[in-house]
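Chemist: Sharing a structure here in structure tokens format.
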Amino acid sequence: MTDALVGVRGRRTRSLVLTTVIAAGSVVMILPFYWLLIATTYPSSEIFASPPNLLPGPAFFDNLSGLLTETLFGRAIGNSVLIASVYTVLGLVVCTAAGYAFAKFEFRGRGVLFGAVLVTLALPSQVTLVPLFQIMVTLGWLDTYQALILPSLAMPFGIFLMRQTMLAVPDELLQAARVDGAGEFRVFSRIVLPTVRPAIAALAIFLFLGQWNEFVYPLVVLRTPESFTIPVSLASLQGIGTTDYGQLMTGTLLSVLPILVLFLFLQRHFVAGILAGAVKQ
């Protein structure tokens, strides 16, 4: 009886410690976002007050109005939405098609080509920055949407994720569809894609998030404020002498909200897609 009570108390203690650690970690993660929300409601002169403001202030709509009227941030939001959306759709087409080819077709050099795709995962984006810029200059694509969308459509991680997920689709199922007269495109679109839908949702988040947050490459190829994306536009708000931190924090909040909505909407598919891609080796 005593041993049973000790065991129960031990489990309760471990549960209490675990809950405390998780709660503390949650506070650490949430606190910067809370401070961001609070900072958007104060003018720039009061954001870094001491002691810090912990309750909302009255200046949110002033910051928002100044951000949208004194800058082209509204245009930057439209640019980012358009570029990220088109890139996500086209990237899904390219990555799913390439992953299907690597997973279900036998052709000479398949292993070498897939190995080359994996090698590119280890290359930092800065390595290709100068060559890409030279190519964009040659093509006359500086300050254009296609300069941001087309070069990175074949995302190596996306191809890898799709290939790993599609390996789990039974070959017998695809062969049965072919015997019934289904063409290759129909097999791909009607059987394979619905089967790997969670992985596609996960990849869509990766593609959209990557393009939405991209900063260095757009900063290099974009020239006019009318074509700026959100990260570049936020950087332009930081002046040499003064910076309106109220507007900067408001713009940062607006840039985060779409990502939170997208992730909350696709969260279940995101987790399932990542797990599905890790099952088949």
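Chemist: Given +1 on the Cβ of Lys and Arg, -1 on the Cβ of Asp and Glu, and no further charges, what dipole in debye does the chain carry about its Cα centre, rounded to the nearest 20?
Modeler: 1060 debye
Chemist: Tell me, what is the FRET efficiency for Arg190 and Phe107 to the nearest 0.05, using R0 = 25 angstrom and their Cβ-Cβ distance as r?
Modeler: 0.60
Chemist: By the scheme Lys and Arg +1, Asp and Glu -1, what is the net charge of all other residues having a beta-carbon under 13 Å from that of Ala59?
Modeler: -3
Chemist: For a quick check, take a GNM of the chain with Cα springs below 10 Å and name the residue from Leu16, Leu248, Leu150 with the largest mean-square fluctuation.
Modeler: It is Leu16.
Chemist: With springs only between Cα atoms under 10 Å apart, run a GNM on the chain and tell me which of Met249, Met166, Met29 wobbles the most.
Modeler: Looking only at Met249, Met166, Met29, the largest GNM fluctuation is found for Met29.
Chemist: Using a 1.4 Å probe, how large is the accessible area of Ser189, given in Å² and rounded to the nearest 10?
Modeler: 40 Å²
Chemist: If you don't mind, there's one more thing I want to ask. Hey, if you put +1 on the Cβ of every Lys and Arg and -1 on every Asp and Glu Cβ in the chain, which of Asn213, Tyr245, Leu92 ends up farthest toward the positive end of that dipole?
Modeler: Most positive-ward Cα: Leu92.
Chemist: So, one more: Can you compute the FRET efficiency between Arg197 and Ile259 using 1/(1 + (r/R0)^6), with r the Cβ-Cβ distance and R0 = 30 Å? Round to the nearest 0.05.
Modeler: 0.90
Chemist: Quick check for me: using +1 on Lys/Arg Cβ and -1 on Asp/Glu Cβ, what's the dipole size of the range 37-141 about its Cα centre, in debye to the nearest 20?
Modeler: Using only the charged Cβ atoms, the result is roughly 620 debye.
Chemist: So which DSSP H runs in the chain come out at 27 Å plus along the axis (Cα) with average Kyte-Doolittle of at least 1.0?
Modeler: Taking the DSSP H segments of the chain (at least 27 Å long, mean hydropathy at least 1.0), we get 2-39, 73-104, 245-279.
Chemist: Given axes a ≥ b ≥ c from the Cα gyration tensor, I'd like to know whether the chain is rounded (a/c under 1.5), prolate (a/b larger than b/c) or oblate.
Modeler: Note, shape of the chain comes out oblate.
Chemist: What's the carbon and sulfur percent of the range 71-237's accessible surface, probe 1.4 angstrom, rounded to a whole number?
Modeler: 68 percent
Chemist: Which whole-angstrom value gives the distance between the alpha carbon centres of the range 185-212 and the range 112-174?
Modeler: 15 Å
Chemist: In addition: Which residue, Leu129, Leu153, Leu219, tops the fluctuation ranking in a GNM of the chain built on C-alpha contacts under 10 Å?
Modeler: Leu129
The values are calculated or read from the model by the stated rules, or taken from the named source; none is laboratory data. Bear in mind the structure is a predicted one, so any value in this text is a computation, not a measurement. Glycine also receives a Cβ, built like all others from the backbone with ideal geometry; neighbour counts cover every protein chain displayed. Side chains included, ligands, DNA and RNA excluded: accessible areas come from the protein's heavy atoms. Shrake-Rupley method; radii C 1.70, N 1.55, O 1.52, S 1.80 Å.
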